[in-house]
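Inspection log for the structure reproduced underneath, given as C-alpha cells.
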Amino acid sequence: MTGRRPTTTLWRPTGPKELDLVRELKWRAWPPRLPEQPIFYPVLDEDYAVKIARDWNVKHDGAGFVTRFEADSEFLSRYPVQRAGGRTILELWVPAGDTPRRAGPPGAVR
C-alpha cells in the first residue's frame, strides 16, 4: 500500500507567458495569480480546455496550450463544480490565495 491520496485530473488552458512561468517552476506548480486574476480556474474536460485555448488564448496571447495535471481530490472537494455553459463546460473556481501550491499538482504539469 502506497498511501497515495486520490487525485483528480484537471486541464488548464494557458497562453505562452503562463506556460513559461510553469516551465520555470519545473512543471511542478502554477505561478501566483496576478492581482486582476482572483480566481484560478482549471477545467474538468479536455475538449473544453482545447476550446478555450483555441478561441481565447490564441486570440489574446497569440498561442494557446492545454496542460493536464493531477490535484488532490480532497482539497478540490471544497470547491463546487461550476457549470459555465453546456453539460461538459465545467470549471473549478479556486481563490488565488489557494494556488499555486495547494491547488497545484502533486505530479507534473503536462
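The values are calculated or read from the model by the stated rules, or taken from the named source; none is laboratory data. Just so it is clear, the structure is predicted and the values come from calculations on it, not from any experiment. As a convention, Cβ positions derive from the backbone with ideal geometry for all residues, glycine included, and neighbour counts pool all protein chains shown. Please note that ligands, DNA and RNA were not included when accessible areas were found on the heavy atoms of the full protein model with its side chains. Shrake-Rupley method; radii C 1.70, N 1.55, O 1.52, S 1.80 Å.
Only helices (runs of 4 or more DSSP H) whose full extent lies in region 1-83 are considered here, and the ones with at least 1 residues that are under 14 Å from the mean Cα position of the chain (by Cα) and over 14 Å from ASP98 (Cβ atoms) are 16-24, 46-52, 73-76.
Within region 65-81, the set of residues being open to solvent by 60 Å² or more (accessible area, probe 1.4 Å), farther than 14 Å from TRP93 by Cβ and touching an Asp or Glu at 6+ places or on another chain (Cβ under 9 Å) comprises PHE65, ARG68.
Number of residues in region 23-36 that are surrounded by 17 or more Cβ atoms within 10 Å (Cβ to Cβ) and modelled with pLDDT of 90 or more equals 0.
Scoring GLY62 on the criteria (1) modelled with pLDDT of 90 or more; (2) open to solvent by 40 Å² or more (accessible area, probe 1.4 Å); (3) in contact with a strand residue (DSSP E or B) (Cβ under 9 Å, 6 or more places away or on another chain) leaves a single failure, condition (3). Within region 34-59, being under 17 Å from PRO95 (Cβ atoms) and touching a strand residue (DSSP E or B) at 6+ places or on another chain (Cβ under 6 Å) holds for PHE40, TYR41, PRO42, VAL43.
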